[in-house]
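Encoded as structure tokens, the structure appears first; notes follow it.
The values are calculated or read from the model by the stated rules, or taken from the named source; none is laboratory data. The structure displayed is predicted, hence computed values, not measured ones. Cβ coordinates were reconstructed from backbone atoms using ideal geometry, including for glycine residues, and neighbour counts include every protein chain displayed. Just the protein is used for accessible areas: all its heavy atoms, side chains included, with ligands, DNA and RNA removed. Shrake-Rupley method; radii C 1.70, N 1.55, O 1.52, S 1.80 Å.
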Amino acid sequence: MTNSRDLSRREFLAASAIGVVGLSAEKVEDDLLYVGTYTEEKRTDGIFLVRMDRRSGKLRQVGAVNAGPNPSFLAIHPNGRVLYAANELEKYNGKASGAVSSFAIANDGALTRRNEQASEGGAPCYVSVDRSGRVVLVANYAGGNVAVLPIQNDGLLGPVAHVDQHKGKGPNAERQEAPHAHCIVPDASNRFALAADLGIDRVFVYRIDVDNKTLHRQPSGDAVMKPGAGPRHIAFHPRAPLVFVSNELDSTVASFRFDHERGALSSLDTRSTLPTGWKGTNYPADIHVAPSGQHVYVSNRGHNSIAMFSIATSSGKLNLEQTISTEGDWPRNFSLDPSGRWLLAANQRSNSVVVFARDEKTGRLTSTRQRIELPSPVCLRFRAQV
């Protein structure tokens, strides 16, 4: 993984001692966006605060916070008062682990770092918060495991309470030599969590035990992907019992029906994320479903585009309707704004966040020429998206 290094707890705290650049007064027409980044050795600002004018899509940076090294994935507590960041390190405090940090969110959106805990696995690349706000779930890419961290009453993180280690490998010798957990997301009922493991071509189903801070495997409900697919990110449909998975290694998106009673996935459809005839190296990354539930979007790194699919909710079938350039290089992450009118793409290698207008009926995206330059942006999280 990128920019991983060893850090003692004392060094981590010292590196995070710098506070927040002051925020300007919030306008009613603005939405606040947090941008996680990969940091360089000498760069201390890891999470940027950006305001977006919801009328025009214009972006302006209003703050930054030292969040420790590589705050590459962000999640917000359901109460909207705490932000959690995965610090993507392969070694932390002398052991094979990354870290997860917590930040208090002020009324104006400013962040104040509270504490951090080891993730108990190298290169944590994804964090989510269960819907009751009592645990943080983390996927450790290099560690090949998923872990549960308890959330205390004040939002601070407790030490990891449970780890589930994945085992196996896939046919891609370079990328699937071992398990690589890449995502873990709770479902709407908060009874189950789904975890994608790129290294072993499997989407795990877990039952969440919030009281005991543990995860229990439901192996009969897992999705076994096509060999070499490399499942990366997961998105739930907002209303129908459907789940969508972006597959990094074979440039596909897969749809599944999810039985919320049994906790079981069943395959429905798989489609290429690339236009017919295009040849080249490509690695899909992020995936999101529109608020209407009629369209799903996937980012393509290499083709450097957003692919938009229409969804037949009765069958889960997908149809590729559009691919549009992200106007930059390597869109690792993207986000729909809270209104669903805009889509923002984070181009990691070209250091830009680019805004697209979105037609809410057709789902099609159009360029706005609105953008902001930020170093190595890799996660976009609107404050309102809790």
*Selected residue [more than 16 Å from Gly293 (Cα to Cα), assigned to a strand (DSSP E or B), within 18 Å of the chain's Cα centre (by Cα) and among the aromatic types (Phe, Trp, Tyr)] from Phe356, Phe334*: Phe334
*Index of the failed condition, Leu268 passing every other in (1) out of contact with any Lys or Arg (no Cβ under 8 Å at 6 or more places or on another chain); (2) of a type in the set (A, V, I, L, M); (3) more than 21 Å from Pro124 (Cα to Cα)*: (1)
*Pick from the stretch 304-348, criterion over 17 Å from Arg55 (Cα atoms) and of a type in the set (Phe, Trp, Tyr), ranking: surrounded by the fewest Cβ atoms within 10 Å (Cβ to Cβ)*: Trp330
*Mind telling me which of the residues Glu248, Glu261 ends up being in contact with a strand residue (DSSP E or B) (Cβ under 8 Å, 6 or more places away or on another chain) and not basic (Lys, Arg)?*
Glu248
*If the Cβ limit is 9 Å and pairs must be 6+ apart or interchain, which residue in the stretch 219-239 that is more than 17 Å from Ile287 (Cβ to Cβ) and open to solvent by less than 10 Å² (accessible area, probe 1.4 Å) pairs with which residue that is not hydroxyl-bearing (Ser, Thr, Tyr) and not in a loop (DSSP other than H, G, I, E, B)?*
Gly221/Phe192; Gly221/Phe204; Gly221/Val205; Gly221/Phe258; Gly221/Asp259; Gly221/Ala264; Gly221/Leu265
*What pairs come up if the first residue lies in the stretch 349-371 and is open to solvent by 40 Å² or more (accessible area, probe 1.4 Å), the second is assigned to a loop (DSSP other than H, G, I, E, B) and of a type in the set (A, V, I, L, M), and their beta carbons are under 8 Å apart, counting only those six or more places apart or on different chains?*
Asn351/Leu374; Glu360/Ala290
*Can you tell me which residues in the stretch 183-193 are open to solvent by less than 10 Å² (accessible area, probe 1.4 Å) and either in a loop (DSSP other than H, G, I, E, B) or under 19 Å from Leu249 (Cα atoms) (or both)?*
Cys183, Ile184, Asp187
*So which of Ala123, Ala99 is among the small types (Gly, Ala, Ser) and more than 21 Å from His233 (Cβ to Cβ)?*
Ala99
*How many residues, within the stretch 60-73, are touching a strand residue (DSSP E or B) at 6+ places or on another chain (Cβ under 7 Å) and either buried (at least 24 other Cβ atoms within 10 Å of the Cβ) or in a loop (DSSP other than H, G, I, E, B) (or both)?*
8
*For the stretch 164-182, state whether one or more residues are assigned to a strand (DSSP E or B) and under 19 Å from Ala254 (Cα atoms).*
yes
*Test result for Ala384, farther than 13 Å from Met52 by Cα and in contact with a Pro (Cβ under 7 Å, 6 or more places away or on another chain)*: no
_Scan of the stretch 76-111 for residues that are without any contact (Cβ under 8 Å) to a residue 24 or more places away in the chain and either assigned to a strand (DSSP E or B) or within 17 Å of Val148 (Cα to Cα) (or both), ordered by number_ = Lys95
*For the stretch 37-59, what are the residues that are crowded, with 17+ Cβ neighbours inside 10 Å and in a strand (DSSP E or B)?*
Thr37, Ile47, Phe48, Leu49, Val50, Arg51, Met52, Leu59
*asked:* Can you report the number of residues in the stretch 141-163 which are hydrophobic (A, V, I, L, M, F, W, C) and either free of Cβ contacts under 8 Å to residues at least 24 places away in the same chain or part of a loop (DSSP other than H, G, I, E, B) (or both)?
replied: 4
*Give the residues of the stretch 269-291 that are open to solvent by less than 20 Å² (accessible area, probe 1.4 Å), small (Gly, Ala, Ser) and assigned to a strand (DSSP E or B), sorted by residue number.*
Ala285
*Quick one: count up the residues across the stretch 126-161 that are open to solvent by 40 Å² or more (accessible area, probe 1.4 Å) and more than 17 Å from the chain's Cα centre (by Cα).*
7
